[in-house]
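Every read-out reported here was derived from the displayed coordinates using simple, explicitly stated rules and does not represent laboratory data. Computed from a predicted structure; not experimentally measured. Cβ placement follows ideal geometry from the backbone for every residue including glycine, while neighbour counts extend to all protein chains displayed.
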Amino acid sequence: MAETSIVDNQSVVLPTQNPLPSAGSPAPAARKRAAAPASILAITDDPELRDLLMEMALAEGFGVRCATSEIEAANVIHAERPGLVLVDLDMADRVGSKFLRALRVSPFRDIRCLAVTASNDPMLSISVDAPVFFKPDLGGLDAEIERLVRGTP
């Protein structure tokens, strides 16, 4: 299967095949996804954060998948095309930041993303091209998940 390639020189792997079906004939998987609850992919290697993100998403009625590496995340994105990706920027080797930057130049660049971090760097949101929420309280994250996934103002 030749759907993955190195997106940048930092070994972040994302599928290169366009995941969208051709106009007028949605693929069976796309029809099936339309009936399923909106899905969220949480990318973190922190078990406590993973549990919190899962709890928040499930409380809102969203399906949740978790990945602990960029390769796992890329596989989920290719297979399921989640409605939202939540990325922990504090993962080892800056995997979260690298993954978000790679996602933004991939065929999946239209997937909405949110980031969480313990950093207090005000420029972080600009560098990852996604809204950033700060640990430990993650104030407002649940409302932003709701807004982005459901498309509410």
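Tabulated data for the structure shown
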{"item": "Global form of region 36-150, assessed from the alpha-carbon gyration tensor, a/c cut-off 1.5", "result": "rounded"}
{"item": "5 angstrom amide H check on Val87, placed H, neighbours 5+ away", "result": "Ile43, Leu114, Ala115, Val116"}
{"item": "Taking Thr44, Thr117 and counting other C-beta atoms within 10 Å, the order from fewest to most", "result": "Thr117, Thr44"}
{"item": "For region 42-59, 3J(HN,Hα) per residue [Karplus equation, 6.51 cos²θ - 1.76 cosθ + 1.60, θ = phi - 60°, Hz, x = Gly/Pro]", "result": "9, 10, 7, 9, 9, x, 5, 5, 4, 5, 5, 5, 5, 4, 4, 5, 5, 4"}
